[in-house]
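To start, the structure under review is shown below, and the notes come after it.
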Amino acid sequence: MTSNKISVTLSENKKEKQPPDQLQFGTTFTDHMFIMDYTLGEGWHDPRIIPYQPISIDPAAMVFHYGQSVFEGLKAYVNKKEQVLLFRPDENFKRLNKSNDRMCIPHVDEDFALEALKQLVDVDREWVPSAIGTSLYIRPFIISTQSYLGVAPSTKYQFIIILSPVGSYYKEGIAPIRIAVENEYVRAVAGGTGTAKTGGNYAASLKAQQLSGDKGYSQVLWLDGVERKYIEEVGSMNIFFIIDGEVVTPSVNGSILEGVTRKSILQLLRHWNIPVTERRISMEEIKQAYAEGKLEEAFGTGTAAVIAPVGELFWNNEKMLLNGGQTGEISQKLYDTLTGIQTGTLEDPFGWSIEVPNKINTK
Ligand SMILES: *Cc1c(COP(=O)(O)O)cnc(C)c1O
């Protein structure tokens, strides 16, 4: 890092904000963005907060051709005292570097990245929506920008953070989703890039997502890429099942993405002394548990939805209706607790929420 000082250029024309009930996920962006450059030999340099704007990149930039890129996703909330809270941002920057390792992208200094994020959110603090269920979605990402058509790690990168106010994932309270198990396409295999948050994983997932959408399902449940037997995760979420009083979730096996929400849910369940196991789970076991009336609940976990209860699971032309298609008791309790901690209405016994100091924008 040649200079740690973040330069700030404020926007002269402030955009209009949408009413909270009209916010759609990932469609509108705030007035500012953070950007810094990497050059081999020089390291990360020129960190700056500037008005939100298009970036100019050479068409030969490597990211367009070979997809060397990583991203993160986290949220900021505003509490009753008008403090802005980030939920476990240190975990996201730790994971960003894990993804960087896998994709041969240089590490960013995690403390500096967090400092940059705090300053950016501070500048745009009036963009953090306060209505119930709303939040400021934060998207840090790194792209390879060297102009070169050879296949090799890039010598130049840009690290960018953009912010998007988002509405409630659920229109009227938490509502179950319908998911279809995918038997043909796979998301990732051990040894591949499934553990990295990289765009290519999503590009590879679109086909199955589209086909299940055509059948009326909102998400795909991925199976392992070798035997198509064991459960991996859902779309952009990790997955949990409750079988006969025990909570189970696929173990970190080299192909699933380790969610921050997954980790938080595991901590909460253990804190409540609810039995929870990370292990291999086959679809056959789920079907069996369902047939025996022991499949009590299922839910996905991820930053966007926090908790997404599964109301219906479709596999091999069979429909499994979970908990009568209603949100289960534990799913609801986890959702209420986690969102309560995130928005500061509940005590935060784990110190997960980090306040954004009010320094730049003294409104
Ligand atoms: C981001 C992501 C998740 C969820 O991670 P969180 O940190 O909980 O948001 C799960 N699966 C995939 C594939 C993801 O990209």
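Nothing in this text is a laboratory measurement; each read-out follows from the coordinates by a stated rule. These figures come from a predicted structure and were not determined experimentally. Here the Cβ is made from the backbone with ideal geometry for all residues, glycine too, and neighbour counts use every protein chain on show.
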Could you work out the relative contact order of the chain, using alpha carbon pairs under 8 angstrom and six or more residues apart, expressed as a whole percent?
19 percent
Going residue by residue through region 261-276, the Karplus relation 6.51 cos²θ - 1.76 cosθ + 1.60 with θ = phi - 60° gives ³J(HN,Hα) values, rounded to whole Hz and with x marking Gly or Pro, of 5, 4, 4, 5, 5, 4, 5, 5, 4, 5, 4, 8, 6, 8, x, 9
Which angle from 0 to 90°, rounded to the nearest 10, does the C-alpha axis of helix 89-102 make with the longest principal axis of the chain?
90 degrees
If you keep only loop residues by DSSP, which trypsin sites (Lys or Arg not before Pro) in region 151-202 have at most 16 other Cβ atoms within 10 Å of their Cβ?
Lys171
Net lengthening on full extension, Asp46/Ala291 (0.36 nm per residue, minus Cα-Cα)
82.2 nm
Tell me, how many Å apart are the Cα centres for region 251-317 and for region 1-43?
35 Å
Within-12-Å neighbourhood charge of Thr193 [Cβ basis; K, R +1; D, E -1]
+3
Enumerate the calculated ³J(HN,Hα) couplings along region 54-67 in order (Karplus 6.51 cos²θ - 1.76 cosθ + 1.60, θ = phi - 60°), each rounded to whole Hz, writing x wherever the residue is Gly or Pro.
x, 10, 9, 10, 4, x, 8, 3, 4, 4, 6, 9, 10, x
Give me, ordered by chain and number, the residues 5 or more places off Thr30 or on other chains with an amide H under 5 Å from its own placed amide H.
Leu163
What does the charge count around Ile242 come to, taking other residues whose C-beta lies under 12 Å from its C-beta (Lys +1, Arg +1, Asp -1, Glu -1)?
-3
Would you mind classifying region 7-167 by shape? Square roots of the alpha carbon gyration tensor eigenvalues, ordered a ≥ b ≥ c; an a/c under 1.5 is rounded, otherwise it is prolate if a/b is larger than b/c and oblate if not.
prolate
Return the ratio Rg/(2.2 N^0.38 Å) for region 177-343, where Rg is computed over Cα atoms only.
0.96
Under a point spin-label approximation (7 Å from Cα along Cα-to-Cβ), what is the Tyr202-Asn79 distance to one decimal in nm?
3.1 nm
Under a crude label model (7 Å from the Cα following the beta-carbon direction), how far is Thr345 from Asp21 in nanometres?
1.8 nm
Counting only pairs 8 or more places apart or on different chains, how many lysine pairs in region 177-343 have C-alpha atoms closer than 23 Å?
15
Environment charge at Pro153 (Cβ cut-off 12 Å; Lys +1, Arg +1, Asp -1, Glu -1)
+1
Select from region 202-239 those GluC sites (Glu not before Pro) which occupy a DSSP coil region and have at most 10 other Cβ atoms within 10 Å, ordered by residue number.
Glu227
Using alpha carbons only, how many degrees (0 to 90, rounded to 10) separate the axis of helix 199-214 from the longest principal axis of the chain?
40 degrees
When only Cα pairs under 8 Å and 6 or more residues apart are kept, what is the percent relative contact order across region 153-251?
23 percent
Go ahead and estimate [θ] at 222 nm for the chain from helices alone: -39,500 (n - 2.57) per DSSP H run with n ≥ 4, summed, over the residue count, rounded to 500.
-7000 deg cm²/dmol
Using only the alpha-carbon atoms, how far is helix 110-123 inclined from the longest principal axis of the chain? Give it as 0 to 90 degrees, nearest 10.
80 degrees
Partner lysines whose C-alpha sits under 16 Å from that of Lys5, ignoring same-chain residues fewer than 8 away, are Lys118, Lys359
